[in-house]
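Here's the structure, in C-alpha cells; my notes come after.
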Amino acid sequence: MSKKQDIMTATLDLIDEEGLQSVTFSKIFKRANVGSGTMYNYFANKEELVNAVYKEARMLMGDYLMRDYNPEASLYERFRCLQLNRLQFGIHCPKEFMFIDSFSYSPYISPELRAMDDAHNSRDVIISLIIEGQKQGILKEMDSHLCHQLMHGMIASILKGYYVKKYPMNELQIQQIMEASWKAILV
C-alpha cells in the first residue's frame, strides 16, 4: 500500500471510530505512520483529504453497484441486481458505506464531488431504470432522484440495524428486503 493510501485508510478508520470532527492530522499521522511532510505532499488540508476519501468510497460503491448488471435483463431483475449490490456493498464495506451515507450532504464534501458519478455512471443507470419503469407504468410517478433516495434509504436503514446486530442478515432476510424495496416503488 502507498503512503497516500495509508493516509486515506487511516482517515476512514478514524472517522468510523471517532467521527469526522474528532479526527486531527496528528491522529492521522500516528495511525498512518507518516510524518507531516508526507501528509502535506498529498493533501493541503483536512477538507481535501476527506474529499479524496469520499471520492474513493464512491468509486468503490459504483464498482459494487454495477457488478453482474445486465442492461438487457427485465426491469425487476435490473432493480434487484442494483439493490442487492447496494446491500452487498454495505455488508462488505461498512466503513465506506456509512461514510458515504453520513457525509454526502456535509459541507466538507464539495458540491462538485457530491454531484460526481463513478466510472460506471451507476447513478445514471439507476435514474434511467426508474424513468423507464415509470414510463412503463410499473413504478410510482415521483421525482426520479427522490425515488433513488428512497431505494438507497431503505437499504441504509436496514444496514444500520444490521451493523448494531439488531437482526441477522441471511438469505431469507435478503430476499425479503429485495421484495419489500421493490414493492415500495411499484404502482
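The values are calculated or read from the model by the stated rules, or taken from the named source; none is laboratory data. Since the model is a prediction, treat every value here as computed from it, not as a measurement. Positions of Cβ are generated from backbone atoms using ideal geometry, with glycine treated the same way; all protein chains shown enter the neighbour counts. These accessible areas exclude ligands, DNA and RNA; they are computed on the full protein's heavy atoms, side chains included. Shrake-Rupley method; radii C 1.70, N 1.55, O 1.52, S 1.80 Å.
To the nearest 10 degrees, how steeply does helix 122-135 sit against the main Cα axis of the chain, on a 0 to 90 scale?
20
Would you kindly state how much longer the chain becomes between residue 124 and residue 179 on full extension, computed as 0.36 nm times their sequence separation minus their alpha carbon distance, in nm to one decimal?
Net length gain for the segment: 17.5 nm.
For helix 144-163, what angle does its Cα long axis make with the longest principal axis of the chain, in degrees from 0 to 90 and rounded to 10?
Between helix and principal axis, roughly 60 degrees.
Do the sum for the chain: with -39,500 (n - 2.57) for every DSSP H run of n ≥ 4, divided by all residues, what is the mean residue ellipticity at 222 nm, to the nearest 500 deg cm²/dmol?
-22500 deg cm²/dmol
Please work out the average accessible area per residue across the range 33-187, using the 1.4 Å probe convention, and give it in Å².
Accessible area per residue: 52 Å².
Which sequence of 16, 118 reflects their accessible areas, 1.4 Å probe, from the largest down?
16, 118
Report the FRET efficiency, 1/(1 + (r/R0)^6), for residue 172 and residue 95, where r is their Cβ-Cβ distance and R0 is 25 Å, rounded to 0.05.
0.40
Working from Cα positions, state the angle (0 to 90°, nearest 10) between the long axis of helix 46-65 and the longest principal axis of the chain.
Between helix and principal axis, roughly 30 degrees.
I'd like the carbon and sulfur percentage of the solvent accessible area for the chain, probe radius 1.4 Å, heavy atoms only, ligands and nucleic acids excluded.
Reported share for carbon and sulfur atoms: 53 percent.
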